[in-house]
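What follows is one structure encoded as structure tokens, with my remarks underneath.
The values are calculated or read from the model by the stated rules, or taken from the named source; none is laboratory data. Bear in mind that the values here come from a model prediction, so they are computed numbers and not experimental data. We place every Cβ from the backbone using ideal geometry, glycine too, and count neighbours over all the protein chains shown. Heads up: the accessible areas ignore ligands, DNA and RNA and are worked out on the full protein's heavy atoms, side chains in. Shrake-Rupley method; radii C 1.70, N 1.55, O 1.52, S 1.80 Å.
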Amino acid sequence: MEELIEILRDGKSRTVEMMAIELNTTVEKIRRDIEFLEHTGVIKKVDFQTACGGGSSCDGCTSCGTGSKSCQSCMPKEGFQNMGTMWEI
Amino acid sequence: MTNKNETVMALLGQPNSGKSTLFNALTGMRQHVGNWPGKTVEKKEGTFSHNGRESLVADLPGTYSLSANSDEEIITRDYIASGKADVVCILADSSQLERSLYMLADYAGINVPCFLVLNMSDVAELQGKKVNVKAIEEKLGIPVVSFSAPDRKGYDVFYEAMERAVREKTILDTSDLEKRYEELEGYNDIKALMKEGVVAGYSSTWLAAKVIEGDEPVIAKMKAAIGGDEKKKLEMLLAKIDKGVVQTGERKFAWIDELLEGGIDAGENNVSLRKFDRLITHRVWGKPVVIAVVLLGLIGSFIPALPLMGVGMLIGMIPDPLYNGMISAGCPMIIATVLCDVLIRSAAFVVQMLGFVFGVTLVFGLLEEIGVMARVSYVFDNTMGKFGLQGKSVMPFLISFGCTMGGAAGTRVIDNWGQKVLTIALAWAVPCGAAWAVIPMLSTIFFGAWVPVIIVVILLVMVLHMWLTAKIFGRSLVKEEDRYGMIMELPPYHKPKWGALFRYVFGRTKDTFIRALKVVVIVALAFWLLSYTGGGDISGSILYKIGHFVEPVTKFFGMSWQTFMAFIASSLGKEGALGVLGTIYSGTGTISVGSMVGGETVSNINELLVQNISKPEALALIFAMTFNMPCIVALAATYQETHSVKWTARIALYYTGVALLLAGIAYHVGLLIW
């Protein structure tokens with residue numbers, strides 16, 4: 001796991017598969033490490049859903065002139081659902 | 001043991017390890033739910049009998065481990081250490097043993113008898129995973145059983161294991177784990193300082209590990225228990241440790257892996273990237289491939305737009321005959337004009353726009369459903385560094401393709417204020433959903449089949465624009481700093497759910513139609529009023545006077561005063577420009593469309609525009625509109641996110657200025673071509 005953290009120092013983004021290849025291990029082990037690091041607070045999931053991610057969370061958008069209606073007509077209704085997950089340190 | 005000589009068993013395991021199912025199966029109706037004293041955490045207890053003996057079961061909260069990070073974990077470990085439970089049943093998910101045994105590893109060192117249940121064995125079997133239970137049992141020194149809650153027959157083995165654990169008081173053998181811990185710097189010294197009995201129920205192994213991990217409750221108790229010199233020594237040793245939790249975690253995982261060695265037979269587990277992914281993550285080919293896919297998608301999205309344009313054009317043919325009909329039927333001119341010149345013409349424009357809304361929404365929605373958008377986000381993740389931004393900034397940009405306001409809100413995940421502002425400033429350059437409808441529509445009206453070329457040029461200019469903006473604004477907003485990379489889990493590709501997709505596309509098209517219609521009608525009405533003169537000749541109206549006044553300046557940017565007004569209206573919202581274009585050439589008082597074009601009659605608005613606006617001017621207008629500020633809502637959202645009037649104003653003025661500049665350039669390029 002320390003290797004995993006070290007590799008990330010170069011600032012590049014990597015997919016889980018790429019990390020497994022780079023660290024010469026399995027994807028399952030990488031996921032296990034991610035789960036551990038997330039639980040212990042070393043890495044953090046990037047959460048886009050709390051940011052204006054769709055109609056339901058539009059109560060915070062006071063700039064939506066006509067309320068959540070105009071929010072929805074501009075933005076994907078359920079926010080971006082299928083974008084995968086990102087973690088950062 | 002309870003007073004009535006009942007055995008007390010605690011169920012311990014990570015979430016989704018099947019605890020509840022087991023608990024329910026054991027206790028049936030004989031359970032009750034309450035709260036742990038003083039906490040909001042649910043407490044489930046029940047009873048069951050086997051072989052004539054009554055037993056009490058406590059279903060402990062499902063937690064990842066036994067750290068001090070949450071109430072649930074503290075409650076769980078306190079309960080166990082208190083000795084209230086005679087035996088602990090530790091559950092793990094057989095299909096994910098490498099992960100789910102972490103709880104066991106964190107339990108190691110607690111001196112309460114336990115036994116291990118490798119649950120969900122049915123799932124593991126389906127996945128082709130075989131577990132060597134005997135080997136694991138030998139290494140751990142506690143009963144280990146393979147189990148599957150729905151399978152009634154497995155319960156005999158379960159009860160047997162439980163009874164053996166109670167009878168023999170089997171404690172988890174931690175010698176192997178201990179050996180690994182000893183590799184850690186300072187472990188032996190720290191362990192020596194751990195006084196037995198201070199925190200009851202935990203061995204010095206467990207305590208030392210927790211202290212290294214920075215477990216505050218444990219550290220506090222230990223410091224309170226040991227005296228002055230030793231306390232200082234402890235503090236000194238701890239100060240030398242960096243990221244202790246990662247160090248012990250690695251040892252625990254290594255212990256688990258050794259435990260499972262030869263114990264799992266999972267078949268081959270090769271990591272290989274799927275072909276398309278390999279292409280995308282390629283250093284050189286990644287971006288071109290992604291761009292090509294998105295471009296093809298965009299251009300393809302214009303296809304469903306054409307029929308709707310046809311419909312819109314037909315609507316656009318209504319005003320003329322309808323007007324004549326209404327007048328001869330005795331309808332007051334003003335009503336007829338408003339209805340025909342303002343309302344119907346606006347509707348005609350909006351309907352034409354709809355086709356593009358539908359197409360673009362469908363294409364982007366499809367790309368996201370399939371999983372391509374996630375790859376796009378990955379590919380450009382790494383480009384963010386060139387702008388001075390973190391990888392996750394790529395999401396606000398992608399969101400801005402739909403709505404710049406959403407993009408601005410999306411920057412909430414960016415903690416650094418400077419980077420946030422820069423991201424928003426750059427996101428303004430990304431054409432939003434409204435732009436993807438209005439711009440192609442106008443381009444089609446003026447340039448027909450050349451639209452794809454124009455779109456490509458727009459995208460190129462957009463990239464250049466962003467690069468330049470990053471250079472200009474970057475200097476004062478962001479500075480070089482250490483960047484840690486990101487890990488991304490890309491979703492698997494899958495077939496789109498067509499039903500849901502189309503429902504979403506239709507819904508959004510409908511919403512856009514209503515919204516755009518409102519905007520266009522209001523703008524059209526406003527401009528109609530401004531251009532109203534009783535006599536019918538537009539040159540007497542306020543609008544004309546203002547227009548002629550500013551025209552020398554607007555010509556500089558390649559636009560006549562009319563198109564300039566349209567450009568200004570697009571600052572409110574892209575479709576606002578349509579409202580202007582619809583009325584400014586037909587004027588009021590002028591009854592029919594025909595009177596503006598030197599005698600020739602034109603049958604619909606599209607032709608009207610083509611006749612009145614030269615190609616170079618149209619090009620100028622299109623570029624000006626595309627790179628203008630997105631809309632008034634985006635402006636408000638930018639202020640809301642940046643909390644800075646200064647920066648919001650700077651960005652707005654910058655974009656307006658650059659838009660005009662680009663218009664001028666486009667105009668002169670247009671002159672060269674046409």
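Table for the structure above
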{"quantity": "Where the protein assembly as shown is the region considered: accessible area per residue in Å², 1.4 Å probe", "calculated": "42 Å²"}
{"quantity": "DSSP H segments from chain B that extend 30 Å or more along their own axis, Cα-based, with Kyte-Doolittle mean of 1.0 or above", "calculated": "B:345-370, B:451-477, B:498-530, B:645-673"}
{"quantity": "Pairwise label distance in nanometres, residue B:135 with residue B:295, each label 7 Å out on the Cα-Cβ vector", "calculated": "5.4 nm"}
{"quantity": "Whole-Hz ³J(HN,Hα) from phi, Karplus 6.51 cos²θ - 1.76 cosθ + 1.60, for the stretch B:389-398, glycine and proline x", "calculated": "10, 7, x, 5, 4, 5, 5, x, 5, 5"}
{"quantity": "Inter-label distance for residue B:334 and residue B:529, nm, one decimal - labels placed 7 Å from Cα along Cα-to-Cβ", "calculated": "1.2 nm"}
{"quantity": "Residue-averaged [θ]222 nm for chain B, counting only DSSP H segments that reach four residues, each worth -39500 (n - 2.57)", "calculated": "-18500 deg cm²/dmol"}
{"quantity": "Net charge, residue B:347 excluded, C-beta distance under 13 Å - Lys, Arg +1, Asp, Glu -1", "calculated": "0"}
{"quantity": "Within the stretch B:49-63: backbone nitrogen closer than 14 Å to the residue B:30 label point (7 Å, Cα to C-beta)", "calculated": "B:49-58"}
{"quantity": "Contour excess over end-to-end distance, with Cα ends at residue B:278 and residue B:126 and 0.36 nm allotted per residue", "calculated": "51.8 nm"}
{"quantity": "Largest-first principal axis extents, alpha carbons of the stretch B:130-269, Å", "calculated": "57, 39, 23"}
{"quantity": "Convex hull of Cα atoms in chain B, direction-averaged projection (nm²)", "calculated": "40.5 nm²"}
{"quantity": "Pair-distance profile P(r), taking every C-alpha pair of the stretch B:315-390, with 5 angstrom steps and integer %", "calculated": "3, 14, 13, 10, 9, 8, 7, 7, 7, 7, 6, 5, 3, 1"}
{"quantity": "Ratio Rg/Rh [Cα only; Rh per Kirkwood] for the protein assembly as shown", "calculated": "1.12"}
{"quantity": "Projected label distance in nm at residue B:464 and residue B:417, using a 7 Å step from Cα toward the beta-carbon", "calculated": "3.5 nm"}
{"quantity": "For the stretch B:5-142, Kirkwood radius (reciprocal of mean inverse C-alpha pair distance, Å)", "calculated": "15.6 Å"}
{"quantity": "Cleavage-rule hits (trypsin sites (Lys or Arg not before Pro)) in the stretch B:191-252: DSSP loop, at most 10 neighbouring Cβ within 10 angstrom", "calculated": "B:240"}
{"quantity": "14 Å reach of a label modelled at residue B:53, 7 Å along Cα-to-Cβ, counting backbone N of the stretch B:151-182", "calculated": "B:158-170"}
{"quantity": "Cβ-Cβ FRET estimate between residue B:155 and residue B:258, R0 fixed at 35 Å, reported to 0.05", "calculated": "0.70"}
{"quantity": "Minimum 40 Å² accessible area buried by the other protein chains, the stretch B:498-523 residues, probe 1.4 Å, relative to alone", "calculated": "B:504, B:508, B:511, B:515"}
{"quantity": "Cα gyration tensor shape for the stretch B:373-421, rounded if a/c is under 1.5, else prolate or oblate", "calculated": "oblate"}
{"quantity": "Kirkwood estimate for the stretch B:398-556, i.e. one over the average of 1/r between Cα atoms, Å", "calculated": "20.3 Å"}
{"quantity": "Gain upon complete extension [residue B:476, residue B:669; 0.36 nm per residue less C-alpha separation]", "calculated": "66.2 nm"}
{"quantity": "Estimated D of the stretch B:477-572 in µm² per second, where Rh is the Kirkwood radius over Cα pairs and Stokes-Einstein applies at 25 °C, 0.890 mPa s", "calculated": "132 µm²/s"}
{"quantity": "Modelled FRET efficiency - R0 56 Å, residue B:649 with residue B:40, Cβ distances, 0.05 increments", "calculated": "0.75"}
{"quantity": "Chains A and B, summed buried accessible surface - 1.4 Å probe, Å², nearest 100", "calculated": "6100 Å²"}
{"quantity": "Rounded FRET efficiency, nearest 0.05, which uses the C-beta distance separating residue B:3 from residue B:484 and R0 of 56 Å", "calculated": "0.50"}
{"quantity": "Length added when fully stretched, residue B:303-residue B:453, from 0.36 nm per residue minus Cα-Cα", "calculated": "52.5 nm"}
{"quantity": "Scattering profile of the stretch B:80-150 at q = 0.11 Å⁻¹ [log10 I(q)/I(0), Debye over alpha-carbon scatterers]", "calculated": "-0.27"}
{"quantity": "In order through the stretch B:190-199: 3J(HN,Hα) via Karplus (6.51 cos²θ - 1.76 cosθ + 1.60), integer Hz, x for Gly, Pro", "calculated": "5, 4, 5, 7, 6, 6, 5, x, 5, 10"}
{"quantity": "Within chain B, percent of DSSP bridges classed antiparallel, to nearest 5", "calculated": "45 percent"}
{"quantity": "Student exercise, the protein assembly as shown dipole from Lys, Arg, Asp, Glu Cβ charges, in Debye to nearest 20", "calculated": "1880 debye"}
{"quantity": "Accessible surface of the stretch B:344-482 [probe 1.4 Å, protein heavy atoms]: carbon and sulfur percent", "calculated": "69 percent"}
